[in-house]
Amino acid sequence: MNEFEFSPDAPAHLEVFENPEPNRKYSIEFTCPEWTALCPRSGFPDFGTITIKYQPKKSCVELKSLKLYINSYRNKKIFHEGAVNKILTDLVEACAPWSMEVVGDFNVRGNIKTIIRAQHPCQ
């Protein structure tokens, strides 16, 4: 496997780097439009867009590690609610931001549209 191949069995480790402007509060926003996982009940694929907004404190999330982390959900059986909250928990643990919001905007499934928001600190 070369450095550009992704193995779904590889562990997804979120990496961070030192915030270049730690004395200023500013926002970073990522959009991950190709999130997918498996429904724990049916095993069918679920698709959605994950949006991450945060104000870094001492560190920032490194993009390649975020891509691999998001892609690691591809073969996981997880409910939408669990996915959004786990993504938030993992990112907060990795970079300890001033604030963060993760929004899961999931494709229609069974005639129901689902959008889930989770924040840190809790509001």
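The figures follow:
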{"read-out": "Residue within the stretch 90-106 that is surrounded by fewer than 19 Cβ atoms within 10 Å (Cβ to Cβ), among the β-branched types (Val, Ile, Thr) and within 16 Å of Asn19 (Cβ to Cβ) present", "value": "yes"}
{"read-out": "Matching residues in the stretch 16-31 - criterion: being surrounded by fewer than 16 Cβ atoms within 10 Å (Cβ to Cβ) and either outside any strand (DSSP E or B) or aliphatic (A, V, I, L, M) (or both)", "value": "Pro20, Glu21, Pro22, Asn23, Arg24, Lys25, Tyr26, Ser27, Ile28"}
{"read-out": "Subset of the stretch 37-50 that is in contact with a Pro (Cβ under 9 Å, 6 or more places away or on another chain) and part of a strand (DSSP E or B) - its residue that is nearest to Leu91 (Cα to Cα)", "value": "Ile50"}
{"read-out": "Exclusive hit being surrounded by 12 or more Cβ atoms within 10 Å (Cβ to Cβ), hydrophobic (A, V, I, L, M, F, W, C) and touching an Asp or Glu at 6+ places or on another chain (Cβ under 8 Å), set Ala37, Ala12", "value": "Ala37"}
{"read-out": "Subset of the stretch 66-105 (residues that are under 13 Å from Lys53 (Cα atoms) and among the charged types (D, E, K, R))", "value": "Glu101"}
{"read-out": "Check on Glu34, acidic (Asp, Glu), in a strand (DSSP E or B) and at negative phi", "value": "yes"}
{"read-out": "Single residue of the stretch 40-74 satisfying the filter (over 29 Å from Pro20 (Cα atoms) and among the charged types (D, E, K, R)) that is surrounded by the fewest Cβ atoms within 10 Å (Cβ to Cβ)", "value": "Arg41"}
{"read-out": "Selected residue [touching a Phe, Trp or Tyr at 6+ places or on another chain (Cβ under 6 Å), within 19 Å of Cys122 (Cα to Cα) and at pLDDT 95 or above] from Lys53, Lys86, Lys57", "value": "Lys57"}
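The values are calculated or read from the model by the stated rules, or taken from the named source; none is laboratory data. Treat the numbers as computed from the prediction; the structure is a model and nothing was measured. So basically every Cβ, Gly included, is an ideal-geometry build from the backbone, and we count neighbours across all protein chains shown.
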